[in-house]
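The values are calculated or read from the model by the stated rules, or taken from the named source; none is laboratory data. Values in this document were obtained by computation on a predicted structure and should not be read as measured data. Positions of Cβ are backbone-derived with ideal geometry, glycine not excepted, and every protein chain shown enters the neighbour counts. Ligands, DNA and RNA are stripped out before the accessible areas are found, and what is left, the full protein with its side chains, is counted by its heavy atoms. Shrake-Rupley method; radii C 1.70, N 1.55, O 1.52, S 1.80 Å.
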Amino acid sequence: MRRPLFYPMIALIAGILIGDRVTLSCILPSAGMMITLLLLILCITMKWNRTAFLLMIGLMLIAGLFNAQKQQYLSQNNHHIVHQADQRKQTVEGVVTSTDQISADKYSLIVRCRRILKDHSYSPVSGLIRLTIPSHLNIQYGDFIRFRTSIKRIRNFHNPGSFDYERYLNRQGIYVTGFIADSSRIVLIRHNTASGIKLQLEKFRSHLKYLIDANASSPEREILEALILGNQKAIPTDVRENFSKTGTSHMLAISGLHVGLVASAGFFVALLLLKSSEYLMLRFNIIKMATAAAFVPVAVYALVAGMGTTVLRATLMTLAFLTALLLGKQKDFYNILFFAALVILIIAPESLFEISFQLSFSAVLAIVFIMSKINTSTIPIPETLPGSLQPLIRRLYVFILVSAAATLGTMPIIVYYFNRVSTVTLIANIIAVPLLGMLTLIPAMAFILTALFSPWLAGFLVKAASFFAGIAVAAINWQASLSWSSFSFIKPNITEIALFYIILFLLLSLNANHGEQKAGESKINRPLLIKMALLVALILMIADGVYLTFKDQFSTQIKITSIDVGQGSATLFQLPGGVNMLVDGGGFYDSSFDMGKLVIAPFLYAKRIRKIDIVVLTHPHPDHLQGLIYVLKNFNVQEAWCTGLKAESDLYRLWEKTISGHKIKMKHLSSQSPPVSISGVQIHFLWPMPPNNRGNWEMSKDEANDSSLVMKITYGDERFLVTGDISSCVETCLIESGQNLKSDVLFVPHHGSNHSSSMDFIRAVSCRYAIISVGKRNVFRHPHPDVLARYDSAGTGIFRTDEHGAISIESDGKTMSITPWLKRSLPEDRP
């Protein structure tokens, strides 16, 4: 068996996948593991090798399942902090196990809880909590702290295509979170309560950060911290976005490339020293000695970088390769890769679901496979070139091939997660890899050593590294500024990703088999089979592309989705003929969380939407406006509808600037605006009054709510009423205006506030279903119990985004169906 590690790796991955989705009692996998282990020992003793190998695969399957569920087993402990969630404020004590800067003014702490104060007495408590604190609070690793906060469960936005943040943190053993607004809610009890080695290492890391901050400016400072300390979250958003556009974002995180360069530097330095001794050269294998010596700088770099998941993974991959060199197995790259994957997934099974793990292994696997199919010795090099230049040209050619292989191997995964493909990635990597991977990293590594004895020399090395990092940033920014540097794509499904890899595999296999027919080979024409399979795969891929292009254009249905954006509102209308209209975009007050980028866009890409024809802003409050900014910039918006009501805020000014900068047509609407007909859908504007009839209002928050755009959308026999955040006063005005308010679906005013949804209004609308866009356990206590009682007494079916997630409606104009993303406590069908 050429690659025996492949099968245990697949079994381990399968076990992790099963364990992540299926909940089993702890007894079952434990018992299964013990029985399998005993049988394995018996088979090894009896030398039943085949059966032993099968049992080893089974053991890996059970181990993966158990590892995937170990955090869930721990959380079932009666003393776990998760059982204190969603109650009143609690006072908890614990030890800080991790600190991480998440923005310019906020840090996150991971605290291992020790005890909780209740009724003037302490009780033991276990588990981890993620605390968000202001950046000015000097809380460090190992500190024993007391804090008072409302403990809340980690919660998601429940939409198609949304990132499962809750499951992501649960896999790390984090089930609850808390927020500390100021120093009055947190007290430092004792410094430095952690273990000695880890504590000293964190102090050294803090010293390195201080030296970097003192000798480098932004954004070079944050890039150096990412490359040396593993802290990439502080990198400015615009810089991160530009690296993403050019396909070089992997350079901002410590990866196998960085650790490999450190190992190479350590190897060559050790080899140079060993070659200086004739005795050592004659007595020992200095290649293997230099390989063993390279373990040291790799281990030091990993420790300084914080031993995070990405650092650990890159380190293990490098150490696996160095081990293979020591054992003389360096040519079997596949087994080295499978061994590294096994070790990583046994230690940290949650790595399987992390983007960086998937990108790293797909890139390495693609490089190994593609380069094995290409004969690099036949590179056409002009004979007129000097002999000294020919090796350089050959290395450059190989580097381009390796970059292209990594790009092809990771492209489907990048599109799946980031919905973007860079057209300049090869050129950008040719520039970024030498600048950041070598010219910046070499003085950065020397900086780590000199920081121990010479702050002046360390500062000089930081400035040198910062100089090259600055050149790299300037080059990347210029390439990202090109309008054609990247293109957005819809989210591919698993079948489409598989088809891409199948086509790539068949093309390379066809190239490798071209013109080859060995003597004694089977009569089956292998190249012909490959061509036939390739033709089928291409036909399927083309058919899929044609279907995606035309399916919406020939649609005769209206599809509506109330998107789960927490305490805000965002509703997508997919009209017949492929016209898309987004009404509001959600958002938070005073928050750096980009609702458009992190919630709305992933949802749209998952729905296979790249273009929004019309964006509608009902009123300029952040919980309706913030998420629209990203959509305006990235979804080729043609028109923006609003009431013309302005707001004195930076967010609204950004709205106006974005519309102007992208040359989007603006429409100001009121109750006097004529109806609009789009693909058989009639849109009537019922509110607000025209500007000259509003009087000289000094717009308070409530008055801005009452200026919301109210639209009645009709398709065939089905009617939908969009109301924004109007109050009962406007509801009365609408009733008194004599307009026909009767609708089948009502998007409930102001998230179910008690100041809206009057009984008279509910009767006038007479809807079958009411949809409430509202955040889970929000501070406003929306929807109000009285409002729910009013709709219930009217016989209205109620759907809520906090309980049902995204709520989808489909209608052909005669019949209608409503499907919530979360199937729980569904209202009965209404006639």
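Once Rg and the Kirkwood radius are both taken over the C-alpha atoms of region 90-170, their ratio Rg/Rh works out to 1.02.
For the cross-link pairs K288/K463; K198/K463; K198/K491, the ones whose C-alpha atoms lie over 30 Å apart are K288/K463; K198/K491.
Surface listing: E736, E241 arranged by accessible area from highest to lowest gives E736, E241, probe 1.4 Å.
Every helix of 4 or more DSSP H residues in the chain counts as -39500 (n - 2.57), and over all residues that averages to -15000 deg cm²/dmol at 222 nm. Efficiency by 1/(1 + (r/R0)^6): what FRET value for T495 and W456, r their Cβ-Cβ distance, R0 = 56 Å, to the nearest 0.05? With a Förster radius of 56 Å, E is 0.40. Collect residues whose amide H, placed 1.01 Å from N in the peptide plane, falls under 5 Å from the amide H of Y175; neighbours closer than 5 in sequence don't count. Under 5 Å from the amide H of Y175: L128. Compactness of the chain, taken as the C-alpha radius of gyration over 2.2 N^0.38 Å, stands at 1.08.
In sequence order, region 338-351 has phi-based couplings of 5, 5, 4, 4, 4, 4, 4, 6, 6, 6, 9, x, 5, 4 Hz under the Karplus curve 6.51 cos²θ - 1.76 cosθ + 1.60, θ = phi - 60°, and Gly or Pro positions carry x. Once the C-beta distance of S25 and R777 is scaled by a Förster radius of 30 Å, the resulting FRET efficiency is 0.45 to the nearest 0.05. Between F399 and F268, the C-beta separation translates, for a Förster distance of 22 Å, into a calculated FRET efficiency of about 0.75. Once the mean of 1/r is taken over each pair of separate Cα atoms and inverted, region 584-681 shows a Kirkwood hydrodynamic radius of 13.9 Å.
In the structure displayed, which of K209/K597; K607/K823; K152/K245; K531/K551; K531/K607 lie more than 27 Å apart, Cα to Cα?
Violating the 27 Å Cα-Cα cut-off are K209/K597; K152/K245; K531/K551; K531/K607.
Taking amide H as placed 1.01 Å from N in the peptide plane, Y107 has its amide H under 5 Å from the amide H of I102, I133, S135, each at least 5 places away in sequence or on another chain.
Exposure check, 1.4 Å probe, all protein chains in place: V546 carries approximately 80 Å² of accessible surface. Note on region 160-213: Kirkwood radius taken over Cα pairs, Stokes-Einstein applied at 25 °C and 0.890 mPa s, translational D equal to 162 µm² s⁻¹.
The tail of the calculated P(r) for region 288-373 beyond 15 Å holds 60 percent of all Cα-Cα pairs. Scattering from region 213-334 was approximated by placing one identical point on each alpha carbon and applying the Debye formula without solvent; log10 I(q)/I(0) at 0.09, 0.15, 0.23 1/Å stands at -0.33, -0.76, -1.22.
Placing a label point 7 Å from the Cα of L327 along the Cα-to-Cβ direction, the residues of region 1-21 with a backbone N closer than 13 Å are 3-6.
Accessible surface for the chain, divided over its residues, is 49 Å² per residue with a 1.4 Å probe. Per the Debye formula on identical point scatterers at the alpha carbon atoms of region 767-814, with no solvent, log10 I(q)/I(0) at q = 0.19, 0.21, 0.30 Å⁻¹ is -0.67, -0.79, -1.18. Between Q76 and I189, the simple spin-label model (points 7 angstrom out along Cα→Cβ) gives 3.0 nm.
Computed from the alpha carbon atoms alone, the convex hull of region 404-456 holds 119 Å³ per residue. Atom-type composition of the exposed protein surface of the chain places 61 percent of the accessible area on carbon and sulfur (1.4 angstrom probe).
For region 776-812, backbone nitrogen atoms closer than 13 Å to the point 7 Å from Y589 Cα along Cα-to-C-beta are found at 779-781.
Quick one: of the DSSP bridges fully inside the chain, what percent are antiparallel, nearest 5?
Values: 69 of 95 bridges.
Taking every DSSP beta bridge within the chain, about 75 percent pair in antiparallel fashion.
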